[in-house]
Amino acid sequence: MIRNGLVESIGNTPLIRLKRASEETGCEILGKAEFLNPGQSVKDRAALGIIRDAVARGELRPGGVIVEGTAGNTGIGLALVAAPLGFRTVIVIPDTQSQEKKDMLKLAGATLVEVPAVGYANPNNYVKVSGRLAEALAKTEPNGAIWANQFDNVANRQAHIDTTGPEIWEQTGGKLDGFICAVGTGGTLAGIAIALKERNPKIQIGLADPPGAALYSYYTTGELKAEGSSITEGIGQGRITANLEGAPIDTAFLIPDEESVPVVFDLLQHEGLCLGGSSGVNVAGAVRLAKEMGPGHTIVTILCDYGTRYQSKLFNPEFLRSKHLPVPEWLERTAEVPN
Ligand code: PMP
């Protein structure tokens, strides 16, 4: 089958059986291989959905500018989709994000605006800066400018209601008992949850939340409260975004780095899957959900993005030591220079 260009190459990713997680739990743990999207992350789907929606509503015109605040992956998706469709992208990114993502954004043609990483309550937060920048550019750009606004633009979760959810349903033949993933904007979790519950309301939906985010607390006690921190990028939310509103979430797990980082290393060393930190949170979350549900169940999660994006951090022994995380012996050896 020939796909017509980049836009048609987004989605329809494989579902991969995760051997060790399945054996450990007696369940079938399946990972949706979103790192195989052209921009190497799940966010290609949201980027395409947001752009298509803005074009359909007449807000984004040929030659227009797309402005977004992003931890990186949405920006990469937006920039790659924008190129063949004739749009420009301006990306506001917190300076704490990996150099590899910033380099990729520049390669993809985005104009990069780096800002200090401050919380959402601060007016200089990257999301708020991107909103103001879009407003200003809308007045000066000859073909106009839009704010993608991935957190509160529900075209994001709609992309998962329309594509990722139905794909998972079809790939499993409807034989699945649970779905779980982490939240950045909430588009992936809410969209897939809505699509799956529509088809079978008995499917258990789980949230895997890193420390430093407030959603584990929210879905277990009703109070938005954050404690601790995590090295994972692209996830960790402190509020109920528009994409998360009304999401049918049944259960939640708090997954610390000490639990998720070894999962990332195991997946690479034993299964050849080179993934980012949020995928570790997701697979660790799937194992927890499987243990809660008991053997014999089928549980799906998301393999969000490709690991080479984090070589300078997650796969860097020095970085791991600085965060007091254990460094596996084989990773230590990859840092040695052969003579
Ligand atoms: N993992 C990574 C690496 C991401 O970049 C993102 C998006 N920020 C997510 C997970 C979470 O996806 P969503 O925004 O749909 O909640």
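What does the charge count near L320 come to, summing +1 for each Lys or Arg and -1 for each Asp or Glu among other residues with Cβ under 13 Å from its Cβ? Please report the intermediate quantities before stating the final value.
Details: positive: K313, R321, K323; negative: D257, E258, E318, E329, E332.
Net charge around L320: -2.
For the chain, the relative contact order works out to 19 percent when only alpha carbon pairs closer than 8 Å and six or more residues apart are counted. Taking the helices alone, the chain has a mean residue ellipticity at 222 nm of -11500 deg cm²/dmol, built from -39,500 (n - 2.57) per DSSP H run of at least 4 residues and averaged over all its residues.
Using θ = phi - 60° in the Karplus curve 6.51 cos²θ - 1.76 cosθ + 1.60, the 3J(HN,Hα) couplings for segment 37-44 round to 5, x, x, 6, 7, 4, 6, 4 Hz; x is entered for Gly and Pro. Orientation-averaged projection of segment 109-267 equals 11.8 nm² [convex hull of Cα atoms, one quarter of hull surface area].
Could you compute the net charge surrounding L18? Neighbours are other residues with a C-beta less than 13 Å from the C-beta of L18; K and R count +1, D and E count -1. Present the calculation step by step, with values, prior to reporting the outcome.
Numbers: positive: R17, K19, R20, K32; negative: E23, E24, E28, D266, E271.
Spelling it out: positives minus negatives among the neighbours equals -1.
Using only the Cα atoms of segment 281-339, construct the convex hull and provide its projected area averaged over every direction, in square nanometres to one decimal. Spelled out: convex hull of the Cα atoms, projected over all directions, averaged, 6.0 nm².
Here K323 and T111 are evaluated by their C-beta separation; at R0 = 22 Å the FRET efficiency comes out at 0.10.
Using only Cα atoms, find the angle between the long axis of helix 73-85 and the longest principal axis of the chain, and express it within 0 to 90 degrees, rounded to the nearest 10. Computed tilt is about 50 degrees. Rounded to the nearest 10 degrees, the inclination of helix 257-271 to the longest alpha-carbon principal axis of the chain is 80 degrees.
Extension gain, N4 to R20: 0.36 nm times the residue separation minus the Cα-Cα distance gives 2.1 nm. Placing +1 at every Lys and Arg Cβ and -1 at every Asp and Glu Cβ, with all other atoms neutral, what dipole size does segment 249-333 have around its Cα centre, in debye to the nearest 20? In debye, rounded to 20, segment 249-333 gives about 140. Couplings 3J(HN,Hα) for segment 17-25, derived from phi with the Karplus relation 6.51 cos²θ - 1.76 cosθ + 1.60 (θ = phi - 60°), are 6, 9, 4, 5, 5, 5, 5, 5, 10 Hz, where x marks Gly and Pro.
Convert 10 °C to kelvin, take the viscosity as 1.306 mPa s, use the Kirkwood radius over C-alpha pairs of segment 215-339 as Rh, and evaluate the Stokes-Einstein diffusion coefficient in µm²/s, rounded to a whole number. Show your work: numbers first, answer last.
Values: Rh = 16.1 Å.
The estimated diffusion coefficient comes to 99 µm²/s.
Potential lengthening of the chain between N316 and K175 amounts to 46.9 nm, from the contour at 0.36 nm per residue minus the alpha-carbon distance.
Ordering H160, H324 from the fewest to the most neighbouring beta carbons within 10 Å gives H324, H160. Computed from Cα atoms, the angle from the helix 126-140 axis to the main principal axis of the chain rounds to 20 degrees. Across S322, S229, S22, mean-square fluctuation computed from a Gaussian network of the chain (C-alpha pairs under 10 Å connected) peaks at S322.
Expressed to the nearest 5 percent, the antiparallel share of DSSP beta bridges inside the chain is 15 percent.
Mean separation of Cα pairs under 8 Å and 6+ residues apart, divided by the residue count of segment 195-319: what relative contact order is that in percent? Write out the running numbers ahead of the final one.
Details: 186 pairs, mean separation 28.4, N = 125.
For segment 195-319, the relative contact order is 23 percent.
Please rank D44, D95, fewest neighbouring Cβ atoms within 10 Å first, as an exposure proxy. Kindly include the intermediate steps, with their values, before the conclusion.
Working: D44 29, D95 10.
The order, fewest Cβ neighbours first, is D95, D44.
Please state the shape class of segment 58-126: rounded when a/c is under 1.5, otherwise prolate if a/b exceeds b/c and oblate if not, all from the C-alpha gyration tensor.
Working: a/c = 2.90, a/b = 1.49, b/c = 1.94.
Oblate, because a/c is 1.5 or more while a/b does not exceed b/c.
In terms of Cα atoms, the Rg and Dmax of the chain work out to 19.3, 61 Å.
What net charge do the residues around G49 carry, taking every other residue with its C-beta under 15 Å from that of G49, with Lys and Arg at +1 and Asp and Glu at -1? Combined, the nearby Lys, Arg, Asp and Glu give -4. A straight chain from E332 to R57 at 0.36 nm per residue would run longer than the Cα-Cα distance by 93.8 nm.
The alpha carbon centroids of segment 29-56 and segment 258-298 are separated by 21 Å.
Going by the alpha-carbon gyration tensor, a ≥ b ≥ c the square roots of its eigenvalues, is segment 1-148 rounded (a/c under 1.5) or, if a/c is not under 1.5, prolate (a/b greater than b/c) versus oblate?
Working: a/c = 2.42, a/b = 1.48, b/c = 1.64.
It is oblate, given that a/c is not under 1.5 and a/b is not larger than b/c.
Here M293, M104 are placed in order of increasing Cβ neighbour count within 10 Å, fewest first, which gives M293, M104.
Using a cutoff of 8 angstrom between alpha carbon atoms and counting only pairs six or more residues apart, the relative contact order for segment 1-71 works out to 23 percent.
Around A145, which amide H atoms from residues at least 5 apart in sequence, or from another chain, sit under 5 Å from its own amide H, with H modelled in the peptide plane? For A145, the qualifying residues are V65, A138.
Rule-based calculations on the coordinates, nothing more; no lab input. Keep in mind it's a predicted model, so treat the numbers as computed, not measured. Heads up, the Cβs are rebuilt from the backbone with ideal geometry, glycines too, and the neighbour counts pull from every protein chain shown.
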